[in-house]
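Scroll down for the structure; my scribbles are underneath it.
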Amino acid sequence: MPDQHQIFEVFSDENASGVAYKNKALKRSLINFLDQGGNNTITELSRELNISVPKTTSLVNELMEDGLLKDYGKVDSTGGRRASMYGLISEACFFVGVDVKLYHINLGLLDFTKQLVTITEKVPYKLENTQESLNQLLNIIRGFIADLPVDVSKVLSIGINLSGRISNTTGYSYSYFHFQEEPLSLIIQREIGIKTFLENDSKAMAYGEFCCGEVHNEKNVLFVNMDYGIGLGILIDGKVYYGKSGFSGEFGHIPFFNNEIICYCGKKGCLETEASGASLIRNIKQRIEQGSTSTVLRKNKQADDITLLDIIHAAKNEDMLCIELLADIGEKIGRGLAMLINIFNPELLILGGTLSETGDYLRLPIRSAINKYSLSLVNSDTQLKLSKLGEKAGVMGSCLIARNKTLSI
Ligand SMILES: [Zn+2]
């Protein structure tokens, strides 16, 4: 058994100088090449990395000693000689993903070869901007890690998705838990004892969908996160678009309506004030107060306790009020998306987030509004699809982001 410390060594940025640093960088390049291109031979690796065959052999041997690579057997190479194929070992190391929603948390574990080992969905939680809420989040992460089916020392990093303004380079969260001078990622890292990265929830979900969801060869894609708020992930020329400081995609806070409704961001008339899960809940409460009936109030549920999951459940069971009000916000979201289509001319627009679970009840009014409000020549290039990963998009995204950042050179 290799010493766990050795495995960490290749991914650690400490003691990185001179020859040791160069070797570490080459090893990470080698791992990244195997990660993207699949198993390969020493000859190919040496050509790709532009280093000698003996040097490549020695690096591969060291990585095998570390327990990260193994020899997957021989294949016929072009010259007829049989060459060994080397590849990553799936159980060599792991990455935890934590997707924090407003009323629940999803957590997952990804292995070295990007397979989801385990996922725990919908752990009850209330995201509030308080120290108690942060403590509760830390406890949920600790609980998940304590129950993992793998050795905790093999977990190299954690990715956490939070809503609002996040700087994924500095690890600062500005909308939630900004209580101290220190970046939130460092505070969590110290509490949990594992390297931690933060990402905005919509960007992480979009990344999950881009890597292993509905995106195949498309390079210009928009991913809409329809939840209590409304967020956006942007893929341009195959890369996630961050903007100057990482705050791109604040689609929900464009001043879309001339209303007096104060958004949680503090401004009035944001798209979110009338086209989001939060506005859907507000509308349903209002209609119930005015005397409408709905199965959303089953099992002694009070109007004040209605959640998005209740509404989704009721809509799937053909509750007329929920379906009608979903169509109403769908039309407004569609108008917003029509504007995005005119600006970005994307080849694919993915509807994701909790509300996408309502399927056609939301997709059809969105489609209809897009046709109505965007330029037909522009929207005819855009396919509209529902997220393939659904609720798992955030967990996949956070695991993959943690893994990428750990493996990057
Ligand atoms: Zn706003």
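List the residue pairs whose Cβ atoms are under 8 Å apart, where the first residue sits in segment 38-62 and is without any contact (Cβ under 8 Å) to a residue 40 or more places away in the chain, the second is surrounded by 13 or more Cβ atoms within 10 Å (Cβ to Cβ) and among the aromatic types (Phe, Trp, Tyr), and the two are 6 or more positions apart or on different chains.
Glu48/Phe33; Leu49/Phe33; Val60/Tyr86
Would you call Glu182 charged (D, E, K, R), open to solvent by 10 Å² or more (accessible area, probe 1.4 Å), more than 26 Å from Asp35 (Cα to Cα) and out of contact with any helix residue (DSSP H, G or I) (no Cβ under 7 Å at 6 or more places or on another chain)?
yes
Against the definition (assigned to a helix (DSSP H, G or I) and not aliphatic (A, V, I, L, M)), how does Asn283 come out, yes or no?
In short, yes.
Which residues, counting only those in segment 190-220, are over 30 Å from Asp310 (Cα atoms) and in contact with a Pro (Cβ under 9 Å, 6 or more places away or on another chain)?
Hits for segment 190-220 are Glu218, Asn220.
Quick one: in segment 287-308, which of the residues that are more than 17 Å from Arg363 (Cα to Cα) and within 27 Å of the chain's Cα centre (by Cα) is most open to solvent (accessible area, probe 1.4 Å)?
Thr307
What's the total number of residues in segment 383-399 that are open to solvent by 10 Å² or more (accessible area, probe 1.4 Å) and touching a Leu at 6+ places or on another chain (Cβ under 9 Å)?
Count: 7.
Could you pull out the residue among Ile284, Ile341 that is assigned by TED's automatic domain parsing to the domain that holds Gly252, of a type in the set (A, V, I, L, M), under 25 Å from the mean Cα position of the chain (by Cα) and surrounded by 14 or more Cβ atoms within 10 Å (Cβ to Cβ)?
Exactly one residue qualifies, and that residue is Ile341.
Pairs please, first residue from segment 272-291 and of a type in the set (A, V, I, L, M), second anywhere and within 16 Å of the ligand (Cβ to nearest atom) and at pLDDT below 95, Cβ atoms under 6 Å, 6+ apart in sequence or on different chains.
Once the first residue is of a type in the set (A, V, I, L, M) and sits in segment 272-291, its partners that are within 16 Å of the ligand (Cβ to nearest atom) and at pLDDT below 95 give Ala278/Tyr228.
Quick one: which of Ser245, Ser294 is under 18 Å from Leu325 (Cβ atoms), at pLDDT below 95 and away from the ligand (no atom under 16 Å from the Cβ)?
Residue meeting the stated conditions: Ser294.
Can you find, within segment 230-242, the residue that is nearest to the ligand (Cβ to nearest atom) among those that are farther than 22 Å from Lys101 by Cα and surrounded by 15 or more Cβ atoms within 10 Å (Cβ to Cβ)?
Applying the filter and picking the extreme gives Tyr241.
Any residue in segment 252-263 that is within 9 Å of the ligand (Cβ to nearest atom) sitting within a Cβ distance under 6 Å of a residue that is outside any strand (DSSP E or B)? List the pairs, counting only those 6 or more apart or interchain.
As it stands, the answer is Gly252/Gly229; Gly252/Leu271; Gly252/Glu272; His253/Cys265; Ile254/Leu271; Pro255/Gly269; Cys263/Glu272; Cys263/Thr273, since those pairs meet every condition given.
Across segment 267-281, what is the number of residues that are within 7 Å of the ligand (Cβ to nearest atom) and either open to solvent by 10 Å² or more (accessible area, probe 1.4 Å) or not assigned by TED's automatic domain parsing to the domain that holds Pro365 (or both)?
Number of matching residues: 2.
The values are calculated or read from the model by the stated rules, or taken from the named source; none is laboratory data. Note that the structure is a prediction, hence the values are computed from the model and not measured. Every residue, glycine among them, receives a Cβ derived from its backbone with ideal geometry; neighbour counts consider all protein chains shown. Calculation scope for accessible area: heavy atoms of the full protein, side chains included, ligands and nucleic acids excluded. Shrake-Rupley method; radii C 1.70, N 1.55, O 1.52, S 1.80 Å.
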